[in-house]
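Below is a structure I'd like to ask you about.
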Amino acid sequence: MTTAPPGMKVSGRDLVSGILTTSVMIAGVVFLGKYSMPLKLALPLPMIYYRAAFGRPGGAMVLAGCILTMLLFGGNSISGDNMVYYSGLLFLGFLTQECLERGFSLEKTVVFSLAGVVVAWVLVMMVIQGGSQGYVEAKNQEMIQDLNTLLNNLQESGALEKSGTEITQENREQTIRLLVLVSIGFTLSWGLFVAWFNVWIARFLYARQGWTYPDYDPPILWKAPEPLVWVAIACFGGATFFQGGIKDISLVFGIVVLAIYVMNGVAIVAFYMDKFHIPWPQRVLILGMVFIAGFPIMLPVLTGLGLFDLWADFRKLQKKGFTEDNNEGDLN
């Protein structure tokens with residue numbers, strides 16, 4: 001079953017308007033700098049709309065036009081890494097709409113979209129740097145330089161001697177390896193969260209345009225797939241009892257799995273805010289404080305909520321007739 005929007009005839013003016021609108025959004029991200037997180041989260045959304053409204057060829061032309069605009073006019077203000085990053089977010093929106101049209105499940109839509117971006121990134125790195133491995137090695141060298149600078153500063157200040165810590169070459173290499181793996185895990189987790197967020201935001205976009213949206217449960221009722229707990233156990237075992245490639249892969253995917261449970265925890269918090277009719281401005285403020293001010297503290301709490309929801313069923317989703325109570329309007 002597909003849910004493709006009806007589409008529309010696209011003129012050159014429409015394409016230029018789409019490119020300019022999306023480019024202005026990218027310029028806003030660059031201008032706001034570290035305060036641009038909300039815009040970065042929503043950056044795939046224009047491509048979801050233009051891919052839906054203009055069709056595949058029109059959406060692809062808007063995507064290509066935005067990337068070309070960054071290359072031509074963003075050279076002095078957008079680094080190469082950020083160009084790849086912004087292009088990836090736009091392509092994520094394009095692929096998300098492809099999956100929505102095909103009526104995939106929410107989980108498949110998110111995973112397939114992110115996987116497509118990763119494959120495209122690898123192909124791009126193969127073209128411009130002779131392989132993704134070369135890019136990773138370049139990043140390793142940057143981390144090594146930063147770590148060496150930090151360690152040298154600590155040694156000069158005498159902080160390492162006071163703590164009785166001795167830094168060897170082996171320790172440095174292990175630390176670099178760990179930082180790279182954690183960085184990959186957090187990057188994939190961020191991409192997963194952005195895709196998940198934009199799938200839900202697209203719900204309002206579809207409703208505004210009168211398009212048919214896939215029959216997903218409301219966001220506050222979303223629950224991580226039950227078999228995921230076995231993946232979490234396997235990742236924990238692989239990272240604990242194995243070495244080499246198995247340990248590295250287990251660590252990366254373990255971080256991604258924990259991120260999924262964090263999303264489940266966020267859905268639980270949002271559910272109870274809805275159930276107690278907390279106004280939307282206060283909900284946004286609470287979630288903003290959780291993710292900005294209290295994230296180091298709330299991260300294990302949200303992870304625990306999401307993980308143990310499998311057994312505790314905090315929202316009583318398995319209770320017969322739950323959505324038929326007086327909260328039905330809020331939940332939908």
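Among the residues in segment 111-122, are any within 24 Å of L71 (Cβ to Cβ), crowded, with 16+ Cβ neighbours inside 10 Å, at pLDDT below 90 and touching a helix residue (DSSP H, G or I) at 6+ places or on another chain (Cβ under 9 Å)?
Scanning segment 111-122 turns up at least one residue that is within 24 Å of L71 (Cβ to Cβ), crowded, with 16+ Cβ neighbours inside 10 Å, at pLDDT below 90 and touching a helix residue (DSSP H, G or I) at 6+ places or on another chain (Cβ under 9 Å).
Related question: Just checking, how many residues over segment 192-239 are more than 19 Å from L307 (Cβ to Cβ) and of a type in the set (V, I, T)?
Count: 4.
Would it be correct to say that W222 is exposed (fewer than 13 other Cβ atoms within 10 Å of the Cβ) and out of contact with any Gly (no Cβ under 8 Å at 6 or more places or on another chain)?
Here the answer is no, as W222 does not meet what is asked.
Moving on to the next point. Quick test for you: out of W280, W222, W230, W196, pick the one residue that is closer than 27 Å to T96 by Cα, out of contact with any Asp or Glu (no Cβ under 9 Å at 6 or more places or on another chain) and in the same structural domain as L95 (by TED's automatic domain parsing).
W196
When segment 278-315 is examined, which residues are found to be touching a helix residue (DSSP H, G or I) at 6+ places or on another chain (Cβ under 7 Å) and loosely packed, with under 12 Cβ neighbours inside 10 Å?
Once the filter is applied, which keeps residues that are touching a helix residue (DSSP H, G or I) at 6+ places or on another chain (Cβ under 7 Å) and loosely packed, with under 12 Cβ neighbours inside 10 Å, segment 278-315 yields nothing.
Any idea which of (1) within 24 Å of V119 (Cα to Cα); (2) part of a helix (DSSP H, G or I) is the one F104 doesn't satisfy?
Every condition holds for F104 apart from (2).
This table checks each residue for (1) among the aromatic types (F, W, Y); (2) at pLDDT 90 or above.
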position: W196; (1), (2): yes, yes
position: I201; (1), (2): no, yes
position: G210; (1), (2): no, no
position: A232; (1), (2): no, yes
position: F242; (1), (2): yes, no
position: D248; (1), (2): no, yes
position: G254; (1), (2): no, yes
position: L258; (1), (2): no, yes
position: I268; (1), (2): no, yes
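Tell me, which helices (runs of 4 or more DSSP H) lie completely within segment 1-83 with 2 or more residues that are loosely packed, with under 12 Cβ neighbours inside 10 Å and in the same structural domain as F104 (by TED's automatic domain parsing)?
12-32, 45-73
So the check is Cβ under 8 Å with 6+ separation or different chains; which pairs have a first residue in segment 106-124 that's more than 30 Å from P218 (Cα to Cα) and a second one that's among the small types (G, A, S)?
A120/G88; W121/G88; W121/S132; V122/S132
The values are calculated or read from the model by the stated rules, or taken from the named source; none is laboratory data. Note that this is a predicted model, so its numbers are computed, not measured. All Cβ positions, even for glycine, are placed from backbone atoms using ideal geometry, and neighbour counts span all protein chains on display.
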